[in-house]
1. Looking at (1) under 27 Å from Gln316 (Cα atoms); (2) surrounded by 14 or more Cβ atoms within 10 Å (Cβ to Cβ); (3) out of contact with any helix residue (DSSP H, G or I) (no Cβ under 9 Å at 6 or more places or on another chain), which one does Asn92 not meet, given that it meets all the others?
2. Would you pick out the residues in the stretch 91-104 that are within 15 Å of His73 (Cβ to Cβ) and of a type in the set (Gly, Ala, Ser)?
3. Filtering the stretch 297-320 down to residues that are in contact with a Phe, Trp or Tyr (Cβ under 7 Å, 6 or more places away or on another chain) and closer than 21 Å to Lys156 by Cα, which residue is surrounded by the most Cβ atoms within 10 Å (Cβ to Cβ)?
4. Within the stretch 205-222, identify whether any single residue is surrounded by 15 or more Cβ atoms within 10 Å (Cβ to Cβ), under 22 Å from Leu106 (Cα atoms) and in contact with a Leu (Cβ under 6 Å, 6 or more places away or on another chain), and answer yes or no.
5. Hey, any hits in the stretch 227-244 for a residue that's assigned to a helix (DSSP H, G or I) and either in contact with a Cys (Cβ under 9 Å, 6 or more places away or on another chain) or within 22 Å of Pro68 (Cα to Cα) (or both)?
6. Quick one: count up the residues across the stretch 256-288 that are closer than 20 Å to Glu218 by Cβ and either aliphatic (A, V, I, L, M) or assigned by TED's automatic domain parsing to the domain that holds Phe305 (or both).
7. Is there any pair with a first residue in the stretch 11-35 that is not assigned by TED's automatic domain parsing to the domain that holds Pro68 and a second that is at pLDDT below 85 and exposed (fewer than 10 other Cβ atoms within 10 Å of the Cβ) whose Cβ atoms are under 9 Å apart and which are 6 or more apart or on different chains, and what are they?
8. Please find, within the stretch 98-150, the residue that is surrounded by the fewest Cβ atoms within 10 Å (Cβ to Cβ) out of those that are β-branched (Val, Ile, Thr) and over 16 Å from the mean Cα position of the chain (by Cα).
Amino acid sequence: MGGIDFIVDNNSKSKIFDIMNDAEYHFDDVLNAKNFDEFSTEVMEEHSRAFLKIQDGCDFYCTYCAIPYARGHSRSRKPDKIISQILELMQNGYKEIVLSGINLGLYGNDLAEDINLAKLLQQMEKIAGLELIRLSSVEPQLFTDELLDFFKISKKLCHHFHIPLQSGSDTILKAMKRHYSTAEFHSQIEKIKNIYPDAAFGIDVITGFPGETNELFEETFSFLENLDFTHLHVFTYSPKIGTPAASLKNQIKNSLKKERTKRLLDLSEKKKNIFISKIIQSNQILKGIVEEKIDGYWTFLSDHFVRVYFKSEENQKRNFVKLYPKKKFKDGILSEL
């Protein structure tokens, strides 16, 4: 390729210094990687929450996605390493852990020991001083009965769930090679709501997938309009070279993609306001780790993924607080101690 001394895949980023000093190093395709790349940190600058990656790679080859080729097969971090890093982070004042991964719900599938996401969460629940556990994105079909049973007993899990839908049309879901139907997606939402009636749901949606006619987009819009969620992450489809969807016919015009994206973003804002009103009307307690003071108000991202503001003369930074909602304020809720 000219002028390039080393090529390093995503599984070896933490070893760049060693690689540059290794005359024997040669590039190996990330698809051959079998172990999680251990990379620990004790401090996350300017963060009141600690983000902990416990899984990498993906074994789901959705037709629009290049991640499996760039990240390799699913690989999990060993549970003892995870717990050890959590304890180190807590020694530095962190009281909330955000578990992340490329496909978090697959955690543990590749390990010889008896571990999965639910069992790991059970271990974390027992850690004294850990106040909040937040999950990043989990695929809808990976909310197992064991995981849902943990939800029923947890006192620390944030009542916010980020779940990729990608399309509200079964025709498009099939073309994407997703592993569920809209009915199954709706059923999973209802199962979680039966456990946490106050739960917040963030949903991923892609607009303009090849072959998404106006009628199929309206199916998505109607499905979401009738679904009880909190906010959307809307992505405009763009072809990724080497993925099956990139070579499909009936690619959608960018102007139409933008139009559909705007409609969904408007719907998202409407749903968010409805959710905030419900939180206030039900006087739902909001928990979180205080981040900073802005324009005289202390603020944090609550366990319901709603921005919260409150006043206090005392230094509240990195404190764990529980507050009652008072009224809508700025982009979230005004509360009081």
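The values are calculated or read from the model by the stated rules, or taken from the named source; none is laboratory data. What you see is a predicted model; the values in this text were computed from it and never measured. Cβ: placed from backbone, ideal geometry, glycine included. Neighbour counts: every protein chain shown.
1. (2)
2. Correct list: Gly101 only.
3. Going residue by residue through the stretch 297-320, those that are in contact with a Phe, Trp or Tyr (Cβ under 7 Å, 6 or more places away or on another chain) are 297-299, 308-312, 316.
Next, from what is left, pick out any that are closer than 21 Å to Lys156 by Cα: 299, 308, 316.
Values: Thr299: 21, Val308: 27, Gln316: 20.
Looking at the filtered set, the residue picked out is Val308.
4. yes
5. Keep residues of the stretch 227-244 that are assigned to a helix (DSSP H, G or I), which gives 244.
Of the ones still in play, those that are also either in contact with a Cys (Cβ under 9 Å, 6 or more places away or on another chain) or within 22 Å of Pro68 (Cα to Cα) (or both) are 244.
The answer is yes; a qualifying residue exists.
6. So in the stretch 256-288, the residues closer than 20 Å to Glu218 by Cβ come out as 256-271.
From what is left, the residues that are either aliphatic (A, V, I, L, M) or assigned by TED's automatic domain parsing to the domain that holds Phe305 (or both) are 256, 264-265, 267.
Matching residues across the stretch 256-288 total 4.
7. Final answer for the pair search is Met20/Asp5.
8. Filtering the stretch 98-150 for residues β-branched (Val, Ile, Thr) gives 98, 102, 115, 127, 133, 138, 144.
Those still in the list that are over 16 Å from the mean Cα position of the chain (by Cα) too: 115, 127, 144.
Working: Ile115: 18, Ile127: 15, Thr144: 13.
This residue is Thr144.
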